[in-house]
Amino acid sequence: MPADARTAAAPRTGRGQPVSQLVRGFLMGAADIVPGVSGGTIALVLGIYERLVHAISTAASALGALVRGDLRETGRRLAAVPWVWVLSLLAGIGAAVLLLSGPLEQLLVERPQEMAGLFFGLILAAVVVSWRLVKQPRAWLGVVAGAAALAFFLFLGLHDSTHAAGSEAVTRPVWAFFLAGAVAICAMILPGISGSFILVLLGMYTEVLGAVNERQIGVLLVFLLGCGLGLAAFSSLLTWLLDRHHDLVLAALIGLMLGSLRILWPWPHGLESTSLGAPSGSVLVPVLLALGGFAVVVGVDLLGRRVSSRREGGTP
């Protein structure tokens with residue numbers, strides 16, 4: 001569909017007030033900072049997902065026009081982006097990250113097993129939610145997911161430990177933040193797939209939290225640059241893959257999530273080790289947090305489905 005036709009077809013709602021957008025952005029940011037909870041899912045629940053994806057697509061098409069040297073088309077497509085709406089949402093997301101990353105990093109240091117238990121439940125629920133997004137469940141998709149899970153599980157076992165949770169200093173090179181941002185941002189806009197989960201897989205989750213808490217502006221700008229360019233470059237590819245191989249892509253992602261549970265097993269040292277130990281010490285709290293995290297994600301997904309079905313049915 002041409003860009004101007006998409007612009008005309010974009011949902012026009014009364015959700016442009018900056019204050020309400022700040023609140024929505026804060027909720028999305030709070031979800032994005034926790035592995036297993038997708039900001040895209042929150043956007044779906046809030047009824048702004050389609051408009052958000054359309055705004056991202058329009059901005060990406062403007063960048064494409066700029067690369068081609070078509071300045072007139074670039075300006076026209078930039079003018080079609082609801083900037084007040086988008087910037088208010090981004091401000092809310094940024095506020096959530098700044099306010100919540102500190103307490104979260106402290107909990108990772110002081111309560112590693114409990115936080116690992118919580119994340120374990122969140123990711124396990126994300127697997128359930130993502131599988132429900134598969135349009136035509138088939139046995140071979142289960143084989144793909146199982147193979148991806150086993151391969152990633154074994155790959156993680158090649159490393160004795162992950163980066164220590166809650167490290168105060170950034171230890172990764174700057175280019176790693178750029179790549180992490182470019183890859184993670186694509187997951188952040190997908191319902192059911194968490195961008196923070198991708199950062200956990202890349203070993204960059206605590207690094208990014210540390211950079212935020214230490215206010216390392218240069219590193220964060222590089223990360224944000226990676227987010228912006230990654231979103232512009234990969235959003236079209238991601239859309240193409242989901243349009244043509246939707247179920248296969250989801251099956252592979254589900255497999256990665258299942259394999260990643262090796263990182264999130266709470267014992268013996270939470271996120272600090274990929275070694276699988278028997279439950280010891282604090283057992284009840286990690287288990288309860290895992291169950292609670294699972295229930296929250298599944299509940300948010302059910303709420304999102306209910307809201308979506310009501311909108312499709314014309315129910316106000």
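The values are calculated or read from the model by the stated rules, or taken from the named source; none is laboratory data. All figures in this text were calculated on a predicted structure; none of them were measured in a lab. With ideal geometry, Cβ positions are generated from the backbone for all residues, glycine too; neighbour counts draw on all protein chains shown. Just the protein is used for accessible areas: all its heavy atoms, side chains included, with ligands, DNA and RNA removed. Shrake-Rupley method; radii C 1.70, N 1.55, O 1.52, S 1.80 Å.
Let me spell it out: the conditions are (1) at pLDDT below 75; (2) open to solvent by 70 Å² or more (accessible area, probe 1.4 Å); (3) closer than 23 Å to T206 by Cβ; (4) assigned to a helix (DSSP H, G or I), and V296 meets all of them except one. Which number is the exception?
With (1) at pLDDT below 75; (2) open to solvent by 70 Å² or more (accessible area, probe 1.4 Å); (3) closer than 23 Å to T206 by Cβ; (4) assigned to a helix (DSSP H, G or I) applied to V296, the lone miss is (1).
Which of the residues belonging to the range 113-135 are at pLDDT below 85 and over 18 Å from F294 (Cα atoms)?
Matches in the range 113-135: none.
If A9 passes every condition in (1) at pLDDT below 75; (2) surrounded by 15 or more Cβ atoms within 10 Å (Cβ to Cβ) but one, which one does it miss?
The one condition A9 does not meet is (2).
Counting only residues that are open to solvent by less than 70 Å² (accessible area, probe 1.4 Å), among the aliphatic types (A, V, I, L, M) and part of a helix (DSSP H, G or I), how many does the range 77-104 have?
Matching residues across the range 77-104 total 10.
State whether one or more residues within the range 20-31 are assigned to a loop (DSSP other than H, G, I, E, B) and at pLDDT 50 or above.
no
Evaluate the following for R215: is it modelled with pLDDT of 80 or more and in a loop (DSSP other than H, G, I, E, B)?
yes
Taking the condition of being buried (at least 16 other Cβ atoms within 10 Å of the Cβ), more than 19 Å from T206 (Cβ to Cβ) and modelled with pLDDT under 75, how many residues in the range 269-293 meet it?
Qualifying residue count for the region: 0.
If you go through the range 145-183, how many residues are modelled with pLDDT of 80 or more, among the aromatic types (F, W, Y) and either open to solvent by less than 80 Å² (accessible area, probe 1.4 Å) or in contact with a His (Cβ under 6 Å, 6 or more places away or on another chain) (or both)?
Of the residues in that region, 3 qualify.
Here is a list of conditions, (1) open to solvent by 30 Å² or more (accessible area, probe 1.4 Å); (2) of a type outside the set (F, W, Y); (3) in contact (Cβ under 8 Å) with a residue 12 or more places away in the chain, and L107 meets all of them except one; can you say which number that is?
(3)
For P266, work out the one condition from (1) modelled with pLDDT of 80 or more; (2) buried (at least 16 other Cβ atoms within 10 Å of the Cβ); (3) out of contact with any Pro (no Cβ under 8 Å at 6 or more places or on another chain); (4) closer than 13 Å to A116 by Cβ it doesn't fulfil.
The number of the failed condition is (3).
Among the residues of the range 72-94, which ones are of a type in the set (A, V, I, L, M) and in contact with a Leu (Cβ under 7 Å, 6 or more places away or on another chain)?
Matches in the range 72-94: A91 only.
Filter the range 130-144 for residues that are part of a helix (DSSP H, G or I) and of a type outside the set (A, V, I, L, M); which is most open to solvent (accessible area, probe 1.4 Å)?
W140
For the range 123-157, how many residues meet the condition of being β-branched (V, I, T) and under 10 Å from L258 (Cα atoms)?
2
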